[in-house]
1. In the range 61-80, what residues are in a loop (DSSP other than H, G, I, E, B) and either at pLDDT below 90 or not small (Gly, Ala, Ser) (or both)?
2. Given (1) outside any helix (DSSP H, G or I); (2) surrounded by 13 or more Cβ atoms within 10 Å (Cβ to Cβ), identify the lone condition not met by residue 43.
Amino acid sequence: MELPSQVSNITTLVGDAFGQLGKLLQVEIALAKAEFASEARQFGVNLVLMLCGAMFLMPALVLLLFGVAAALVSHGLSEPGAYFAAGGLGLVIAVALIAIGIARVKAMSLYPERTAGQLRRDRRTLTEVAR
């Protein structure tokens, strides 16, 4: 006649397990938020640095390209040819800078790696306990 107390104990254990699971999920969500906030802040700083660099780069690049064109004209190239050559050089430089910026932004993942790993470990533990 121990059956009702065993059912009561099992019910209590299951209730405690779900309570612990809820607490665990809350902690994991808080960790994910903190990790995402940190990476988003770093992404924002990198983006601002790229934009500031672009602001200073554009006028400097235009002046340098005018200087290259003037040098080419002084070496006997026609003005349209010199401007075309200088513009092509500017285009190559711009594409290279954009490619570097895109590669750096892609390299920095906003995916919360540590939190995802912890959630995978928690899931494995829960499935082992449930068996």
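The values are calculated or read from the model by the stated rules, or taken from the named source; none is laboratory data. Nothing here was measured: the structure is a model prediction, and the numbers come from that model. Every residue, glycine as well, gets a Cβ built from its backbone with ideal geometry; the counts of neighbours run over all protein chains shown.
1. Applying the first criterion (in a loop (DSSP other than H, G, I, E, B)) to the range 61-80 yields 75-78.
Correct list: 75, 77.
2. Single failed check for residue 43: (1).
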